[in-house]
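Read the structure below first, then the notes.
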Amino acid sequence: MRFDSYTLPARDGHPLAVSAFRPALPRYCLLLNGATGVAQRFYRSFAEHAAERGAWVFTYDYRGIGASRSATWQGPAPCMADWGRIDLASLLDHLPADLPLAVLGHSVGGQLPGLADNAGRIRALLGVAAQSGYWRLWPARRQWRLALNWYALIPLLTRACGRLPGWVMGGEALPREVALEWARWCRTPAFIATPDGRAWRPHFAELLGPARFLVIDDDLAFAPRQAVEALAAFYPAARREVRVVAPAHWGLSGLGHFGFFRRDTPRGLWDEQLAWLEHALGLAPARAVA
């Protein structure tokens, strides 16, 4: 496997930090969209494992976070929609056209494909704890805390600090307009919406292939089942399925929102989902990696 790290100019010129994990004989391309405020380095163990099965894996940081936080950028301040309509679209432009293409989206990473005008390139989508963020989709006992976050804490802290500090959500600090748009979406029943609250679904219907959405059984704080099912409905033309991952089935006490990608996650769990992607792309199953 060969590892490359480089900078890709996005469509508007913003520098994006990209990492590529290339097997000797790539069978398909796998683009990994990370979660909000999670730098691409978090996904390295999973990317290496997928590459060992024959996937040419690409990870990247969205503009404004991780290694894509540019001190020299003179263009407009980034917003969350830019992560899909520009950054993801630019990666899809960049990937080799002679291999089938799959996208794995963690959390917000499963929402962004519907914002890219070239989403039709995606042959299969795997969402891991990817959800609609509208706060009333959560269990009633958790709604008060979410309402406090989206209506008060996050907007006020973001405006006071100029960014959303990383400690608030446990990841990278978020640029001001990213955090404010995120909070607005999560207050809005349509979730991804125009400023006046109308649903904004520019390219969701262009994804036509299989789409699997994983509900992590103990991820009640970030992606409960109702929120995952709501996001699946955003992709009306995809062949959708929702699957539950139970940590106990894999001998684990819990996975939560982030555990699927941790380096000590059972490789069998990864192989099960990668085998589904291979099948969705019409490929023969790869040999499981020890």
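The values are calculated or read from the model by the stated rules, or taken from the named source; none is laboratory data. This structure is a prediction, so every number in the text was calculated from the model and none was measured. Backbone-built Cβ (ideal geometry, glycine too); neighbour counts: all protein chains shown.
Go through Ala55, Ala17 for me and flag whichever is in contact with a Ser or Thr (Cβ under 7 Å, 6 or more places away or on another chain), small (Gly, Ala, Ser), over 25 Å from Ala183 (Cα atoms) and touching a residue at least 40 places away in the same chain (Cβ under 8 Å). Can you show your working first?
On the way: Ala55 fails: in contact with a Ser or Thr (Cβ under 7 Å, 6 or more places away or on another chain).
Selected residue: Ala17, the only one of Ala55, Ala17 that is in contact with a Ser or Thr (Cβ under 7 Å, 6 or more places away or on another chain), small (Gly, Ala, Ser), over 25 Å from Ala183 (Cα atoms) and touching a residue at least 40 places away in the same chain (Cβ under 8 Å).
Tell me, which residue of the range 276-288 that is under 17 Å from Trp56 (Cβ atoms) and among the small types (Gly, Ala, Ser) is surrounded by the fewest Cβ atoms within 10 Å (Cβ to Cβ)?
Residue satisfying both the conditions and the ranking: Ala284.
With the condition kept exactly as written, say whether any residue in the range 195-202 is of a type outside the set (Asp, Glu), touching a helix residue (DSSP H, G or I) at 6+ places or on another chain (Cβ under 8 Å) and buried (at least 21 other Cβ atoms within 10 Å of the Cβ).
No, because not a single residue in the range 195-202 is of a type outside the set (Asp, Glu), touching a helix residue (DSSP H, G or I) at 6+ places or on another chain (Cβ under 8 Å) and buried (at least 21 other Cβ atoms within 10 Å of the Cβ).
Scan the range 259-269 and tell me whether some residue there is over 18 Å from the mean Cα position of the chain (by Cα), of a type in the set (Gly, Ala, Ser), at pLDDT 95 or above and surrounded by fewer than 18 Cβ atoms within 10 Å (Cβ to Cβ).
Yes, because at least one residue in the range 259-269 is over 18 Å from the mean Cα position of the chain (by Cα), of a type in the set (Gly, Ala, Ser), at pLDDT 95 or above and surrounded by fewer than 18 Cβ atoms within 10 Å (Cβ to Cβ).
Give the number of residues within the range 22-74 that are over 16 Å from the mean Cα position of the chain (by Cα) and within 14 Å of Trp270 (Cβ to Cβ).
9
Give the residue that is nearest to Gly64 (Cα to Cα), with candidates limited to residues of the range 160-174 that are surrounded by fewer than 13 Cβ atoms within 10 Å (Cβ to Cβ) and either more than 24 Å from the chain's Cα centre (by Cα) or at pLDDT 95 or above (or both). First the steps, then the outcome.
Restricting attention to the range 160-174, the residues satisfying the condition of being surrounded by fewer than 13 Cβ atoms within 10 Å (Cβ to Cβ) are 160, 162, 167, 170.
Pick out the ones that are also either more than 24 Å from the chain's Cα centre (by Cα) or at pLDDT 95 or above (or both) and you get 160, 162.
Details: Ala160: 18, Gly162: 13 Å.
Only one residue fits best here, namely Gly162.
Testing Ala129 on (1) out of contact with any strand residue (DSSP E or B) (no Cβ under 9 Å at 6 or more places or on another chain); (2) among the hydrophobic types (A, V, I, L, M, F, W, C); (3) within 25 Å of Pro113 (Cα to Cα), one condition comes back false. Which one is that?
(1)
Looking at Arg212, Arg163 in this structure, which one is among the basic types (Lys, Arg), touching an Asp or Glu at 6+ places or on another chain (Cβ under 6 Å), at negative phi and touching a residue at least 12 places away in the same chain (Cβ under 8 Å)? Spell out how you get there, then give the answer.
Working: Arg163 fails: touching an Asp or Glu at 6+ places or on another chain (Cβ under 6 Å).
The conditions single out Arg212.
Cβ-Cβ distance below 8 Å, separation of 6 or more or different chains: which pairs start in the range 105-129 with a residue that is under 23 Å from Val178 (Cβ atoms) and end on one that is assigned to a loop (DSSP other than H, G, I, E, B) and among the acidic types (Asp, Glu)?
Hits for this filter: Ala129/Asp219.
State whether one or more residues within the range 138-153 are of a type outside the set (Asp, Glu) and under 30 Å from Leu95 (Cα atoms).
For the range 138-153, residues of a type outside the set (Asp, Glu) and under 30 Å from Leu95 (Cα atoms): absent.
Given (1) assigned to a loop (DSSP other than H, G, I, E, B); (2) under 18 Å from His279 (Cβ atoms), identify the lone condition not met by Leu125.
Answer for Leu125: the failing condition is (1).
Restricting attention to the range 28-61, which residues are among the β-branched types (Val, Ile, Thr) and farther than 23 Å from Phe222 by Cβ?
We begin by selecting, within the range 28-61, every residue among the β-branched types (Val, Ile, Thr); these are 36, 38, 57, 59.
Within the range 28-61, Val57 is the sole residue that qualifies.
Would you please name the residue that is farthest from Glu272 (Cα to Cα), looking only at residues in the range 215-243 that are among the β-branched types (Val, Ile, Thr) and in contact (Cβ under 8 Å) with a residue 60 or more places away in the chain? If you could, list the steps in order and put the result at the bottom.
So in the range 215-243, the residues among the β-branched types (Val, Ile, Thr) come out as 215-216, 228, 242.
Of the ones still in play, those that are also in contact (Cβ under 8 Å) with a residue 60 or more places away in the chain are 215-216, 228.
Details: Val215: 15, Ile216: 14, Val228: 20 Å.
The residue in question is Val228.
Restricting the range 82-93 to residues that are over 13 Å from the mean Cα position of the chain (by Cα) and under 19 Å from Gly64 (Cβ atoms), which is surrounded by the fewest Cβ atoms within 10 Å (Cβ to Cβ)? Full working, then the answer.
We begin by selecting, within the range 82-93, every residue over 13 Å from the mean Cα position of the chain (by Cα); these are 82, 85-86, 89-93.
Pick out the ones that are also under 19 Å from Gly64 (Cβ atoms) and you get 82, 85-86, 89-91.
On the way: Asp82: 26, Arg85: 19, Ile86: 22, Ala89: 23, Ser90: 22, Leu91: 23.
So, considering only residues that are over 13 Å from the mean Cα position of the chain (by Cα) and under 19 Å from Gly64 (Cβ atoms), the one surrounded by the fewest Cβ atoms within 10 Å (Cβ to Cβ) is Arg85.
Would you mind stating whether Arg142 is surrounded by fewer than 22 Cβ atoms within 10 Å (Cβ to Cβ), charged (D, E, K, R) and in contact with a Pro (Cβ under 7 Å, 6 or more places away or on another chain)? Reasoning before the result, please.
Values: surrounded by fewer than 22 Cβ atoms within 10 Å (Cβ to Cβ): yes; charged (D, E, K, R): yes; in contact with a Pro (Cβ under 7 Å, 6 or more places away or on another chain): no.
For Arg142, the condition - surrounded by fewer than 22 Cβ atoms within 10 Å (Cβ to Cβ), charged (D, E, K, R) and in contact with a Pro (Cβ under 7 Å, 6 or more places away or on another chain) - is not met.
When you go through (1) in a helix (DSSP H, G or I); (2) buried (at least 17 other Cβ atoms within 10 Å of the Cβ) one by one for Leu104, which number turns out not to apply?
(1)
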